[in-house]
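For reference, the structure is listed below as C-alpha cells.
Every number in this text was worked out from the coordinates using simple rules, so none of it is lab data. No experiment lies behind these values; they were computed from the predicted model shown. Cβ placement follows ideal geometry from the backbone for every residue including glycine, while neighbour counts extend to all protein chains displayed.
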C-alpha cells in the first residue's frame, strides 16, 4: 500500500490547454471525486480506482475480451459485445488483450517524477505563453499527499501551477495540499443548497466555507458551470454574484456554459446519464448571465 | 476588426471571379504554333522570343469593369491558356477528360477541341517536353518513370516548364524595360564576337530586346483599349479610372515607376509575363512589402494616394493573382490539386543587417488577405525574434477568421539552410519563399518542386526484396528476404538501399529534363528579369542564375517512421508478431488479419506524439533521404535540395503503395508533409510540434510542411489566438521551419462535399497552398477532413 500512496492515480494528460489558467498549459487529471455532478463531462473521474471503458465504435468483434474475462462479465450477444458492469471486478485483463483499444484502461499510477517527465515536454510552450500546469480531476485534493508533493516539484522548473478544485474537502487537508500552488480555479456549482444536493450529491456548505477562507490566502479564479434551467435562474445567479463579490471583490469569474460532449462517455463506462435533454446556452444567454456578475464589479470571462 | 467593411469593388470583383466556370482558351496555342511555323529556322531562343512577342501583340485583350489593374494571361477572365510546346502529348490524350475528370475540371468547347486536334496538336507531335524526355531517358530510368505504380513522379517538369521562380522586381520597377534595354545594348556593344560562346550570348541578348519591346507594346495596347472604352463609357467614375489606367500603361512597364499606382501595374505586367512565357507553376512574388515600400512611401508623402486607395489597389491585385489558370494533366492535377498556382508572397522578416523590416504595407497586405476570399496569393509571414507583436497578432487574427492563410516561416532555419549551401549572410537574410515552403535567396532559379518521391514505396520494396506488391514486378534492387532480417537495423539498411536506388534514377530523369528544357525551351523573358543572366549572357535554363537548385520531395514520411517503429517494437523486441506472419498479412492486404493490423496500429508508438522511440526513427528516415539527395549536383551548376512534403501528392502516391506495417491498407492515402498519420496523434498540436522539431530542419533544405487543422470555435476568443501564436513561436524556438493552419470545422467541410454550390468560396489549405475545397477530388477532400482536428480544449 505504501508504494501506491506515493503515486498518484491519473486518467489523462491534456497538452495545449488554453482555457484552464494563463497561457498554454498541460492539464493533469487526477482520478476520484467526492461529488457526482449530473452534468459532469469527465465521468471517468468519479471513481478513485482504475477501471475499463468500452467504445463500440472501435470494436471489431474479435471476441478476444470474451475469452479474457475471468468472471464472464463480457458476452457476445448477436454480434455485439455486452458488458455486465455489476459483475466486472476491474481486473483490466480484457483491456490488455484488446488490440483495437475498444476496451481501454482508465487511470494509471504515476510517481511525481513520472508526472514531471510528462509535463516538462511542453516547457518551450509554457515559457512562450507564461503558461504552466493545471492539476484537475475529479477532485485533485482527494489525493492530498501526492498533490502536496507534486506542486513544489513542478514549480521548481518555473512552471506556473494551477489547481482546479471543487473545494469539497476538509479545510486542513485542503489548504495543506494546495498551499504552494500559484493559482486556484475554484468551482462553485450552485449557491442554492437544495439544488446543490440534488445535482451534485452533496451539500454546498463545506465548499462555501473553504471558498471564504482560501480567498484570503491564495489567488483564486472562480469557475461557474452554467446549466440552463438548473442553476441559471435570476435569483440564484444574483445570490451567487453577491456571495462572490462580498468575499472576493473585483475577482475573476469564469463562466462555463453547459455542453453535452461528455454524454457519450457515460454509456462507455456502464453509467447512465440521467440529466434530461439540455441545450448548450447561446452566446446571448451567456452574455446575459454574465451581467449579474459584472454588475457586482466582478471580471467575467466566458469560456 | 473581425467584421471589416469590405470595399464594394473587392466584393464585386471577388464574386465575378468566383462565378466563372473554368474553361480552356485556345488563343495562345494557336499563336504559338503559327509563330513556330513562321520562324522555323531560327535559333531556339530567338524563336521563343518571337513567339512570346507574337502572343503579346495578337492575343485578345480585355479590361474588366471596375478592376483597376489590367493585364490577363488569356482572352477572358479565369480561363486556362495552353502551352502546346510542353503539353501536347497529354492535351491530345486527355482532351475528352478535362470536362469529366474529378480534379480541376475545365470546359473545352467543341470548336476548340476540333481546332486543337486538327490544326494545332499534329504540329507538336513528338516535339513537346514529354516526348523529348521519354526519348532521351536511359531504359531502366524510363521504365521507372513510366511505371503505372510509380515510386517517383517527375511529371511536373516533364509536362511543364520550370516555374518556382522569384525575379528581381525591384530592378524592373526601378529601371523599366527601356532601362533594361539600355543594359542589354551596352552588353551587346561590348560583346567580343570572336569569342567561342559569343553567338549564344548574342542570340540571348537579341531575344531579350525583342521581348522588352513586346511587353512595352503589350502595355500600350492596354492604354489604347482603356481610352477606347473610356470614349463610350457613361459612368463618370469608371470613365475617369479608365483614363488613369491608360496614362499608367503609357508609362509602365516601359519607364521606371513614378508612384505606387504605376509600381503596382508595372509589377503586375512583369509578373504576368512569366506566366505567359512558361507554364511553370509557383512563379512567386517574393518580398512584396519590401520592393513596393519606397513607392508607397513616396506616394503617401507627396499626397498622390491615401491609405484607403492603397488598400483598394492591393485588393484589386490580390484578385488578379487568382486569375492565373493552368490546364494541368490529370496526373499533375492530382498532385497539385485545385488549380494550384501557389504564387507565394512574403511579408515581414529582416534586412541585410538583421533588423526587422515590417512596415505599413505588410499590415495592409494582411488586410487585403482578410478582405478577399481567394486561394491566391499564397501568403507567407516570416517570423524572427524581433517580429513586432502587433504584426504577428494580425497574421494570427487573419488565420483565425477562417482564411487558412498566411503560413508561417522561421527566419533562423531559412537563413541557416541557405548559408549552409554557400549563400552569403546578407543575401540569405533576403530570402523569400518559392511556391509552398522552399526558401530561396534572390537571383535564384529554384526548380524547387522538381519531383515527388515515395519513400513509403521504398519501404514496401525493402520488405519484398525489391518486388512491387501490387504488380509483382521487380522495381528496386534485391535487398534480401526480410525473413532473414535479425533486427531493425537490417530493415533500415534495406530501406536505405531502396531509397538510394530510386533517387539515382529520379536524378537521372531530372538531369535529362533540365537538359531538354535548356535545349528546347529556353526562357529569355525570365532570364531578362532575373539577375545575373544578362551579366553572364546565359539563359536561366542553362544555368544563368546565381543560385540554382533542384528540389525533389519525399512523401509518406509518417508511414515509414510508424512502420519501422512497429517492426522494431512488435517483431524484433516484443516478438508478439513474426515477420513471416506480417509479410503474409500485408500481401493479403490484412484480409482476415484485422486483429494483427489493430496491434500494429495500437500497440506501437506513433509519430506525432512526442515519443522519442518513434521520433528518433523518424529523424533517421529524414537523414537517409536528405543524405541521399543532397550528394547530387544539377545541370545548371547548382545543388539538389531534399524536401519532406507532399502538397496533395500523399493521396495519388498512396495509391501506388501496398499494405504497410503501420497498418496502412493497399492503395490507401499516405500521411501528408511531416504531419502524423490520420487519427494517430493523441496529444494535440504541441506534441505534434515537439515531434516535428526533433527532425533536423536544417538538412531538409527544400523545406517541410506541417499542417494543423483547428475548428473556428477554438480560435474565436483572445485566448485561442494567443495560444495559436505561442504555438507558432514555441515550434520555431525548437527549430521548426514551417507551420500552417486550416481553421474550418469538419461539419462545414462535409456540408461542402454535399452541396458544393453553396460552398464554392470555401478555401482550404491543401498543403503549402490554398485551393477552393469544392474543386478538389473526393479523395483529397476526405483526406483533409480526416486530418486530426484540434478542437477539444
> Relative contact order for the stretch B:8-145: what is it in percent, counting Cα pairs under 8 Å that are at least 6 residues apart?
Replying inline: 29
> Taking only Cα atoms, what is the 0 to 90° angle, nearest 10, from helix B:27-38's long axis to the longest principal axis of chain B?
Replying inline: 70
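Where both residues lie in chain B, what percent of DSSP beta bridges are antiparallel, nearest 5? Please report the intermediate quantities before stating the final value.
Numbers: 15 of 45 bridges.
Antiparallel: roughly 35 percent of the beta bridges in chain B.
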> So what is the relative contact order for the stretch B:121-214, in percent, with contacts set as C-alpha pairs under 8 Å and at least six apart?
Replying inline: 20
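Taking every DSSP beta bridge with both residues inside the protein assembly as shown, roughly what % is antiparallel (nearest 5)? Don't skip to the end; give the middle numbers.
Values: 31 of 88 bridges.
Within the protein assembly as shown, antiparallel bridges account for around 35 percent of the total.
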> If each of residue A:170 and residue B:786 carries a label point 7 Å out from its Cα toward its Cβ, how far apart are those two points in nm?
Replying inline: 5.5
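Using alpha-carbon pairs under 8 Å, 6+ residues apart, how would you state the relative contact order of the stretch A:51-106 in percent? Intermediate results must be reported in sequence, preceding the final value.
Working: 81 pairs, mean separation 27.5, N = 56.
Worked out over the stretch A:51-106, it gives 49 percent.
Considering the convex hull of the alpha carbon atoms of the stretch A:216-280, report its projected area averaged over all viewing directions, in nm², one decimal.
Taking a quarter of the hull surface, the average projection is 6.0 nm².
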> Going by how many other Cβ atoms sit within 10 Å of their own, how do A:252, B:507 line up, fewest first?
Replying inline: A:252, B:507
> Is the stretch A:55-105 best put as rounded, prolate or oblate by its Cα gyration tensor, with a ≥ b ≥ c the root eigenvalues, rounded for a/c under 1.5, and otherwise prolate when a/b is larger than b/c, oblate when not?
Replying inline: oblate
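Mind giving me the FRET efficiency for residue A:38 and residue B:60? R0 is 56 Å, r the Cβ-Cβ distance, nearest 0.05 is fine. List each step's numbers first, then the result.
Values: r = 71 Å, r/R0 = 1.26.
My answer for the efficiency is 0.20.
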>> Sort B:383, B:186 by Cβ crowding within 10 Å, fewest neighbours at the top.
In response: B:186, B:383
> How large, in Å, is the protein assembly as shown by the Kirkwood hydrodynamic radius built from its alpha-carbon pairs?
Replying inline: 31.7
>> Just to be sure I understand the model, the point goes 7 Å from the Cα along the line to the Cβ. What's the resulting residue B:118 to residue A:216 distance in nm?
In response: 9.9
>> Give me the one-decimal nm value for the distance between modelled label points at residue B:18 and residue B:386, 7 Å along each residue's Cα-to-Cβ direction.
In response: 4.1
> Over all distinct Cα pairs, what is the inverse of the mean 1/r for chain B, reported as the Kirkwood hydrodynamic radius in Å?
Replying inline: 26.8
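Does the stretch B:623-730 come out rounded, prolate or oblate by the C-alpha gyration tensor, with a ≥ b ≥ c the root eigenvalues, rounded set by a/c under 1.5 and, if not, prolate when a/b is larger than b/c and oblate if not?
Oblate, because a/c is 1.5 or more while a/b does not exceed b/c.
At a Förster radius of 56 Å, what calculated FRET efficiency corresponds to the Cβ-Cβ distance of residue A:285 and residue A:145, to the nearest 0.05?
Values: r = 42 Å, r/R0 = 0.74.
Between residue A:285 and residue A:145 the formula returns 0.85.
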> Rounded if a/c is under 1.5, else prolate if a/b is larger than b/c, else oblate: which is the stretch B:337-491, with a ≥ b ≥ c the root eigenvalues of its Cα gyration tensor?
Replying inline: prolate
> Quick one: helix B:612-630 against the long Cα principal axis of chain B, what's the angle to the nearest 10°, folded into 0 to 90?
Replying inline: 50
>> Given 20 °C and 1.002 mPa s, compute D for the stretch B:487-636 with the Stokes-Einstein relation, Rh being the Kirkwood radius over Cα pairs; round to the nearest whole µm²/s.
In response: 115
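Go ahead and run the numbers for FRET between residue B:193 and residue B:146, Cβ-Cβ distance against an R0 of 41 Å, rounding to 0.05.
On the way: r = 44 Å, r/R0 = 1.08.
So, using R0 = 41 Å, E works out to roughly 0.40.
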>> Quick check of the Kirkwood formula: for the stretch B:38-175, what is the inverse mean of 1/r over all pairs of different Cα atoms, in Å?
In response: 18.1
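Which value, to two decimals, describes the C-alpha radius of gyration of the stretch A:89-239 once divided by 2.2 N^0.38 Å?
Details: Rg = 18.2 Å, N = 151, 2.2 N^0.38 = 14.8 Å.
So the Cα radius of gyration is 1.23 times the expected 2.2 N^0.38 Å.
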> If you line up the long axis of helix B:307-323 against the longest principal axis of chain B, both from Cα atoms, how many degrees apart are they, to the nearest 10?
Replying inline: 60
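Rg to Rh for the stretch B:112-212: what is it, with Cα atoms only and Rh by Kirkwood?
On the way: Rg = 20.3 Å, Rh = 18.0 Å.
The Rg/Rh ratio comes out at 1.13.
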>> Could you list A:71, B:529 so that the one with the fewest beta carbons within 10 Å of its beta carbon is first and the one with the most is last?
In response: A:71, B:529
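Just from its helices, what would the mean residue ellipticity at 222 nm be for chain B, if runs of 4 or more DSSP H residues each count -39500 (n - 2.57) and the sum is divided by every residue, rounded to the nearest 500 deg cm²/dmol?
Values: 34 runs with 389 residues, N = 793.
The per-residue figure over chain B is -15000 deg cm²/dmol.
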> Where the Cα atoms of the stretch B:1-85 are projected onto their three principal axes, how long is each span, largest first, in whole Å?
Replying inline: 60, 22, 22
